[in-house]
Amino acid sequence: MKLKALSAAAALLAVTSFTRDTALGITSTAFINNGSIPAKYSCEGGESSPPLLITDIPSGTVSLALILHDPDAAVPGGFTHWVVWNISPTQNSISENFKGGDQGLNGAAKPGYKGMCPPTGTHHYHFMVYALDTKLALNNSTTKAVLEKNMQGHILAQGDLVGLYKKANP
């Protein structure tokens with residue numbers, strides 16, 4: 001019985017000792033978490049990216065990465081609207097229509113930001129931010145899947161801001 005308890009304690013210690021993920025704050029002045037994203041950031045507006053603020057960046061962060069993903073899209077795996085990496089951790093304020101960092105391919109196979117444009121209903125848009133312990137050597141044809149694979153083992157902290165959008169004129 002004591003051996004089982006020691007084994008369980010050792011397993012728990014091993015898992016928690018090597019888990020580095022902590023909470024990273026991400027907010028926007030354009031919308032609140034689980035609130036509606038203004039049309040100006042969608043296909044019904046100017047399709048510029050919304051302003052974001054990243055907080056609680058841990059020491060040792062070398063770069064930040066950002067993925068904007070719509071899991072509600074009617075395509076397998078959802079639709080990715082934005083893939084960005086190698087954002088300076090000193091740049092915790094990401095301005096509207098941000099063009100910095102290294103930007104990969106969205107779900108339309110185009111580089112940079114793609115505004116929300118759900119064909120029907122209200123969709124959830126996840127702005128996922130990651131604090132990394134390295135810079136990533138990736139090219140501009142990088143997709144969400146490639147970025148996620150290359151971030152493995154380098155994530156110090158992560159955060160998620162969810163915005164909702166429904167087209168006014170479907």
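Please treat every number below as a calculation from the coordinates, not as lab data. The shown structure was predicted, so the numbers you read here are calculated from the model rather than taken from an experiment. Cβ coordinates were reconstructed from backbone atoms using ideal geometry, including for glycine residues, and neighbour counts include every protein chain displayed.
Placing unit charges on each Cβ (+1 for Lys and Arg, -1 for Asp and Glu) gives the chain a dipole about its Cα centre, and among Pro58, Ser36, Gly100 the Cα reaching farthest toward its positive end belongs to Pro58.
Pairs over the 18 Å Cα-Cα cut-off, from the set Lys114/Lys144; Lys40/Lys110; Lys40/Lys114; Lys144/Lys167: Lys40/Lys110; Lys144/Lys167. Taking 4 °C and 1.567 mPa s as conditions, region 69-143 diffuses translationally at an estimated 96 µm²/s according to Stokes-Einstein applied to its Kirkwood radius (Cα pairs). In plain terms, if you count all Cα to Cα distances in region 45-87 and split them into 10 Å steps from zero, the share in each step is 20, 42, 30, 8 percent. Just report the Cα centroid separation between region 38-114 and region 115-161, whole Å. Answer, in whole Å: 7.
At q = 0.09, 0.10, 0.11, 0.18 Å⁻¹, what log₁₀ I(q)/I(0) does the chain have when each alpha carbon counts as one equal point scatterer in the Debye sum? Debye output, listed in q order: -0.34, -0.41, -0.48, -1.09. Working from label points 7 Å from Cα in the Cα-to-Cβ sense, the Ala74 to Lys110 distance is 2.1 nm. Taking only Cα atoms and a 10 Å spring cutoff, compute GNM fluctuations for the chain and point out the largest among Lys149, Lys114, Lys99. With Cα springs under 10 Å in the chain, the top fluctuation among Lys149, Lys114, Lys99 is at Lys149. Length gained on full extension, Thr22 to Lys149, computed as 0.36 nm times the residue gap minus the Cα-Cα distance: 43.8 nm.
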